[in-house]
Every structure is written in C-alpha cells, then in structure tokens.
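One structure below.
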Amino acid sequence: MKVSPSNRKPLIFYYLIAMVALMLLNALVFPMINTVQVNEVGYNEFLKMIEERQIVEVSMSDTEITFTTKDADGQTLYYRTGRWPDETLVDRLYASGATFSSQIPTQASPLMDFLMSWVLPIVFFVGMGQLLTRYMTKRMGGNNALSFGKSNAKIYIESQTGKTFEDVAGEDEAKDALREIVDFLHQPERYAAIGAKLPKGALLVGPPGTGKTLLAKAVAGEAKVPFFSIAGSEFVEMFVGMGAAKVRDLFKQATEKAPCIVFIDEIDTIGKKRDGANGFGGNDEREQTLNQLLTEMDGFDATKGVVILAATNRPDSLDKALLRPGRFDRRIPVELPDLAGRVAILKVHSKDVKMEDNIDFTTIGHATSGASGAELANIINEAALRAVRMGREKVSQTDLEESVELVIAGYQRKGAVISEKDKKIIAYHEIGHALVTARLKDAAPVHKITIIPRTSGALGYTMQVEEEERVLMSRNDALNQLTTLTAGRAAEEVVFDSITSGASNDIEKATAIARAMVTRYGMSEQFDMVALEQVTNPYLGTDGSMVCSSETAARVDAEVGDIIRKAHAKAKEILGQNRGLMDRLAKHLLDRETITGEEFQRIVREYDQEEAKTVDEA
Ligand code: ADP
Ligand code: MG
Ligand code: ZN
C-alpha cells in the first residue's frame, strides 16, 4: 500500500538531525563564546609578576594557579601556571595587593566544562525527543502521551486506493451488495433522514484469492473516502491488552474521519470461536481483542458513516457473536469465478500487457476451471515473463497455455483445477437433481445450477427456490425432495454406470428427511402416527433421541431405507426416460459452468417441443 513518504520518517532521522546540529554548535559556537586567551607561564615568571605587583586576581586549585593581570590599555589578561611547594606564597600575594577569588572565569573551569559537554547535550536530546513525540502523536491524531498499543503505525489512510469496481471482474452479486454501501457513504444524511440504518458491518466470505481484499479497496475507491486497512493478525500483540488498545484506537480514529471504511482483513485471526478449549492460558489476548471489537461495534453510531468491512476465508470458524445483528450481519459471498468470470478476469489483467491480437481467452478459461482470480492474474504475469524470456515483444497464446500449467501445478492446491472427467461427472450429477425436479409434480423450480466449487466444499450446486414460503410439508413434498436428492447419484449410475463419493451430502440430507418422515411426521404406513423420536432441543434442530424399543428402532431403520430406495428408483427411472434431454443439459452446463433457472427451463421446453413434433410426424 502506498503511503506518502513525508509522513513516515523514522524517529532516528530526527535524532540524526539533532546530532549534526549539536556537533556544529560544539565546533563553531561554543569556542567563540569562550575565546578567552589563557597564557601558560612558568613559575618564575609568576613570581616575578608578584614582585612587580602586577597580579589583579588569583585563584588556586590543587594542581594549578590561575591569575589575571591588566595590560597598558586596562584589558584583562589570563594566565595559568603550575603549583609549587611555596609556604609564603599567600602572604606575598596578599602583600602585592592581589585579590583572592574562588573562581576566575576562564574556559578552564571544570564545572563549565562538565555543563557544556554533558548536561547540555542531554537536556537538548531529551527536549528534542519530547517535542518530537508530541509532534508525532498529534500528527497521528492521538493525544495519548503513552503511546503503547496505538494502532497508528499499521493503519493506512488512503483517500483513494486507486481501485474501482472496474478492476474487479465478475463477482457481480458481491459488487451489487457493496454498491449500496458505496451509496450510503456518498450520502449518509439521506439515509439518516429517513431513519434507515445500514448494516454496520459486512463480511466478505470466500476462498483465498477470489478478490475480497480487492473488492474492499474498490469500495473505498468508489466511495472516495478514507480507507483504514488492518489485518487481523496485526491486532494480536506480544503484550496482553495491546490488541484491545489497538482496536479502541482504530475506532476512535475512524469516528473522527467519518465517513470512512474500516477494513479488517483475515478477521478469523481474532474472530475465532471462543470455546475455552485452548488449554492453558488460552488465548486471553485474542479474546480480549475480540471482545473489544464487539464492544466498539455495538458502541458506534452507524448513521455517522463508518462502515466496517471484514474478509475471511474461514467463516465457519468465526465466533457467533460477530455475526449477530448489529455486527457483521451481512454476508457477501465471493465465490470462485465461473467461465465467464474467468475470461473477464483474464481480460482485466491483460489490459496493461502487450498481447498478440489473436488471443483466445475462452480456451484459457476452459482450461482453468476452479482457479481463483489471483491464480488467473498470475497466469497472465507468468505468460508475460515467458514472452520476455523468449525474446518476444508480445504475449502469445502459447505463452498463456504454458503458464496455465506452470501456475496451476505450482500451487498444487488439491483440486484447484478439476479434471475434465470429474467435471463431466459433476455436471451430470447436478443436472440429474435439476432434471428430476423439473419432471416431478409440484416440486420447487430450479433457480441456478453451477459446477463451480463452493466455499462450503460442495463441488456443484443446484439451487431450488420455492415459489412461496411454505410452513407445512406434505408427504408428497417430502417424497419429491427425496427423489430430487437421490437424483444426483442416479444420474451417475445411468450415464457412467458407476458411483462416486460426490453424493455424500445428498445422502445425509435424504436420510434425515426420511427418518423424520417415519419417526416424527407420521408419514409411514407401518408406524402411522406414533412418535418414535423426541427432539431434545428444538432450537438446535439436531437429532432427537429414539423413544422406542430396540426392535422398533431396527424396523424404523428398515423403513427409512425402504423410503429412500423407492425414491432412488423413481429418480433413476425418470432420468432413464430423459436421457437425451439430460445429455443436452449437461453439455450446456459443461460449457457455461453456471446456468440460470430460466436457461434451464428454456432448454427443457425446447426439447419437449422438438420431441412432441417428432411424435406428431411419426
Ligand atoms: P483475497 O483477499 O480474496 O484472498 P485478493 O483480493 O487479495 O484475494 O486477490 C488477489 C489478487 O487477485 C488481486 O489483487 C487481483 O489482482 C486478483 N483478483 C482476484 N479476484 C479478481 C477479480 N474478480 N477481478 C480481477 N482481479 C482479481
Ligand atoms: Mg485478502
Ligand atoms: Zn448432489
């Protein structure tokens, strides 16, 4: 991050200046003040001067005698001589009319010497230090004399990060969510006038390298407000209590600079669950810091225009308290880019790179499914480096293709890039879910199908949205859900005649539903309306405990298995009848990686019309 250089001269710099100044003073100025010519004379000369009654003032130390005389013009002359054993010296001096003084103002005075060479510099340094500290504290916006735990060293205030939403390719959903925040920062008064409260904090959630940090900077750039950026790890200090002090200081500064954005990157470092399972000593420091953050978030006035953004790639590890309303109650998912997104990211990053004209980004996009934005940016850079190595002026398609392998292999992220074969299986699996849903009566329509790996760990995803909110689930609904859930595995069987581990999540969900049908909803013929399970904690919605004999429990298990088996068979049957349509849909999904509900429905409709036609013609 850029920081204007004048702001940040290290303290040592000022000390150096002070040192040079002091040296000059010593070498030039002090000697001038003290230019008192002292003549060294022999003892016999001294004795002669006594006899001639020339001595005006005299003083003695253990080792030397200093004295003055007056010359013809009345100017004082300074002399010094050694001391000799001389018992009657005082008497003779007295008789000569000399004045005995305790001190004669010469440069030789040891006290003066001491003052000049020791005390003054120390006073000077201490004073200078004080001044500087005061000056710097003021500059950093604080007024705490003891600046322990101040966060100022790590905060960057950039009125402009130089990034805008233009720099972020794809991620349209995340951008839309953030646009509202930008609008709020532009005109907080308008929101305040209506009484609308914007969320105090928004949490950007997504895998590493998907552009979370970039998005936060873009928000600051768009809103043209100060941007305080601090990484969660910077709060965790060596001394207990300093992290909390930093948080306090951060919020204080932010309130002063409002409207502004506070961005806490990698918040999981401080926001981890407080479970006390850390063993000894635990993480007191982190906990205190987190508590302070929570307090500050509750305390500040959201209408002032301070927006807190945070980013994490481990949302599941965050403390629940952080996600409560009034804190980071908004979650903005930042997912891995799909094909279109990848192509857009490649294009954004190749803007400043000289490329040959015939570059085909779509091919590169196809070869990189599962890659993050950061990896794609790196691919462009590696390609440019390769072009230079090869002595070319422009990046060619081969450079790009070669660097794909380099970057992807270089990261060795497990499953970073999904093989063509796996991708095909995942596509058919997801289409299986979607197609069965479409063919079932009264099932919720498909909203979106994607084979981009999700943050949650799912390889693909079929989203269904009920047309209206349902509070009751009919037996038919439950069976439909089961058929849909088993359809992913069914598709794998129908098409590839083999099965994979990809259905584990489906299996879990299906089992839960089927079990609830038997034990809680009274939807099985065998048991009718007998409660076989007691839900212990309705809020947690977890498994209950069985309230029946073990034989009955065994029969329940059998019944659950039966229900699922029937649903599975039905799904397989439907897919078998729709093989042609399934192939077409899977191909489309493989091409696009994400298809919307409308697209899906359109393809289904078209296919059905074609089929109807061929039947008519026959
Ligand atoms: P994160 O914070 O999610 O780990 P970053 O924001 O640090 O990821 O992204 C790292 C780099 O990857 C960015 O600086 C940018 O160059 C590139 N990048 C990632 N996502 C995108 C995107 N959607 N559009 C453009 N560049 C991106
Ligand atoms: Mg980041
Ligand atoms: Zn599935």
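The values are calculated or read from the model by the stated rules, or taken from the named source; none is laboratory data. Keep in mind that this is a model prediction, so the values were computed, not measured. Counting neighbours? That spans all protein chains shown, and the Cβs are built from the backbone with ideal geometry, glycine included. With ligands, DNA and RNA removed, areas are computed over all heavy atoms of the protein, side chains included. Shrake-Rupley method; radii C 1.70, N 1.55, O 1.52, S 1.80 Å.
Test Val353 against the criterion of being surrounded by 20 or more Cβ atoms within 10 Å (Cβ to Cβ), of a type in the set (Val, Ile, Thr) and away from ligand 3 (no atom under 16 Å from the Cβ), and give yes or no.
So Val353 fails the test.
Given the conditions (1) open to solvent by 10 Å² or more (accessible area, probe 1.4 Å); (2) touching a residue at least 40 places away in the same chain (Cβ under 8 Å); (3) touching a Leu at 6+ places or on another chain (Cβ under 9 Å), report the number of the one that Arg579 does not fulfil.
The single condition Arg579 does not satisfy is (3).
What pairs can you find where one residue is in region 354-365 and free of Cβ contacts under 8 Å to residues at least 60 places away in the same chain, the other is part of a loop (DSSP other than H, G, I, E, B) and open to solvent by 30 Å² or more (accessible area, probe 1.4 Å), and their Cβ atoms are less than 7 Å apart, with a gap of 6+ or different chains?
These pairs meet every condition: Lys354/Glu393; Lys354/Lys394; Met355/Lys394; Glu356/Lys394.
Within region 177-209, can you find the residues that are within 16 Å of ligand 1 (Cβ to nearest atom) and either among the aromatic types (Phe, Trp, Tyr) or in contact with a strand residue (DSSP E or B) (Cβ under 9 Å, 6 or more places away or on another chain) (or both)?
Ala177, Leu178, Ala202, Leu203, Leu204, Val205, Gly206
If a residue must be modelled with pLDDT under 70 and either in contact with a helix residue (DSSP H, G or I) (Cβ under 9 Å, 6 or more places away or on another chain) or not in a helix (DSSP H, G or I) (or both), how many such residues does region 114-147 contain?
11
If I ask for residues that are away from ligand 3 (no atom under 11 Å from the Cβ) and either in a helix (DSSP H, G or I) or surrounded by 21 or more Cβ atoms within 10 Å (Cβ to Cβ) (or both), which ones from region 502-522 would you list?
If the condition is that a residue be away from ligand 3 (no atom under 11 Å from the Cβ) and either in a helix (DSSP H, G or I) or surrounded by 21 or more Cβ atoms within 10 Å (Cβ to Cβ) (or both), then Thr511, Ala512, Ile513, Ala514, Arg515, Ala516, Met517, Val518, Thr519 are the ones that fit.
Within region 302-333, take every residue that is open to solvent by 70 Å² or more (accessible area, probe 1.4 Å) and of a type in the set (Asp, Glu) and give me the one that is nearest to Pro259 (Cα to Cα).
Asp329
Where residues in region 192-213 are assigned to a helix (DSSP H, G or I) and buried (at least 19 other Cβ atoms within 10 Å of the Cβ), which of them is nearest to ligand 3 (Cβ to nearest atom)?
It comes out as Lys212.
Every residue in region 393-428 that is open to solvent by 90 Å² or more (accessible area, probe 1.4 Å), modelled with pLDDT under 70 and not charged (D, E, K, R), please.
Tyr411, Gln412
Conditions (1) modelled with pLDDT of 90 or more; (2) farther than 18 Å from Lys441 by Cβ; (3) of a type in the set (D, E, K, R), marked per residue:
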| position | (1), (2), (3) |
| --- | --- |
| Met582 | yes, yes, no |
| Leu585 | yes, yes, no |
| Asp591 | no, yes, yes |
| Phe600 | yes, no, no |
| Arg605 | yes, no, yes |
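Consider region 430-445. How many of its residues are of a type in the set (A, V, I, L, M, F, W, C) and either open to solvent by less than 10 Å² (accessible area, probe 1.4 Å) or within 16 Å of ligand 2 (Cβ to nearest atom) (or both)?
Count: 4.
From the list Gly211, Gly241, exactly one residue is of a type in the set (Gly, Ala, Ser) and within 13 Å of ligand 2 (Cβ to nearest atom). Which is it?
When all the criteria are applied, what remains is Gly211.
Which of the numbered conditions does Ala571 fail, given that it passes all the others? Conditions: (1) in a loop (DSSP other than H, G, I, E, B); (2) open to solvent by less than 30 Å² (accessible area, probe 1.4 Å).
Of (1) in a loop (DSSP other than H, G, I, E, B); (2) open to solvent by less than 30 Å² (accessible area, probe 1.4 Å), only one is false for Ala571: (1).
Can you run down the residue pairs with Cβ atoms below 9 Å, 6 or more apart or on separate chains, where the first is in region 293-318 and closer than 23 Å to Gly211 by Cβ and the partner is within 16 Å of ligand 3 (Cβ to nearest atom) and open to solvent by 20 Å² or more (accessible area, probe 1.4 Å)?
Asp316/Ser456
Can you pull out every residue in region 87-111 that is at pLDDT 80 or above and either charged (D, E, K, R) or not in a loop (DSSP other than H, G, I, E, B) (or both)?
Glu87, Leu89, Val90, Asp91, Arg92, Leu93, Tyr94, Ala95, Ser96, Thr99, Phe100
Among (1) out of contact with any Pro (no Cβ under 8 Å at 6 or more places or on another chain); (2) more than 16 Å from ligand 2 (Cβ to nearest atom); (3) over 25 Å from Thr450 (Cβ atoms); (4) assigned by TED's automatic domain parsing to the domain that holds Lys246, which single condition is Asp316 missing?
For Asp316, the exception is condition (3).
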